[in-house]
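Bear in mind these aren't lab numbers, they're just calculated from the coordinates by the rules spelled out. Remember, it's a predicted structure, so these values are computed and weren't measured experimentally. Quick reminder, even Gly has a Cβ in these numbers, built from the backbone with ideal geometry, and neighbours come from all protein chains shown.
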Amino acid sequence: MNLTDVSPTTPDRAERPRRNAGFTLLEVMLAFAILAVITGTLGQLIHENMVIAADAIDQREMREIADTIFGKFLFEQDEHRDGDEGSIAVEYGQWAGLPQERADRYAIYRWRLRKSEIVAAGTADPNDDAESLTGEDDETSSSSGSSEEDAANADKGSIKLIRFTLTVFREGSPDDPLITLTRFLPPPEFQETGK
């Protein structure tokens, strides 16, 4: 067979449709569109998870700061009154000796201290402002005698405590607390004398 002879089954090079092994512009654009949608979705998910993680870290730090401030208030309980309120940045920043730029991070958080006398056991004096720890009415838990007898016997078996409650909230939303800590302590006269 002669090399110059061409078999009739193979088409001539000029007759063959020319197709390169690459992609068309439409295929490349479609691939980029799919890649952009996937990247955008993943980026959004990563951002949302980072925000959730940052909030969890802030919540943990705020809990630690609230515990610290509350311990300080309990130690200095005579210096603080019911209803005292302040800024976390000032209270914690001064106590911890934070530089102003670090303390400013907590400027949006505020604290409020509540102190109230409660009756933990026994019967409360009807003339006293102390509330019952159980929340029951004094009339239901008192004896069936007259109110004078109740008043005379009220302090004999009752144990009074002071309830300290520290509430931490964002500035401008005191009705939506982030953290609430409560501790019950005996009144100062019992702490000093050891009764």
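Here are some notes:
- Among Ile65, Ile46, the order by Cβ neighbours within 10 angstrom, fewest to most, reads Ile46, Ile65.
- Peptide ranges 170-176, 72-78 listed from the most packed, as the mean C-beta count within 10 angstrom indicates: 72-78, 170-176
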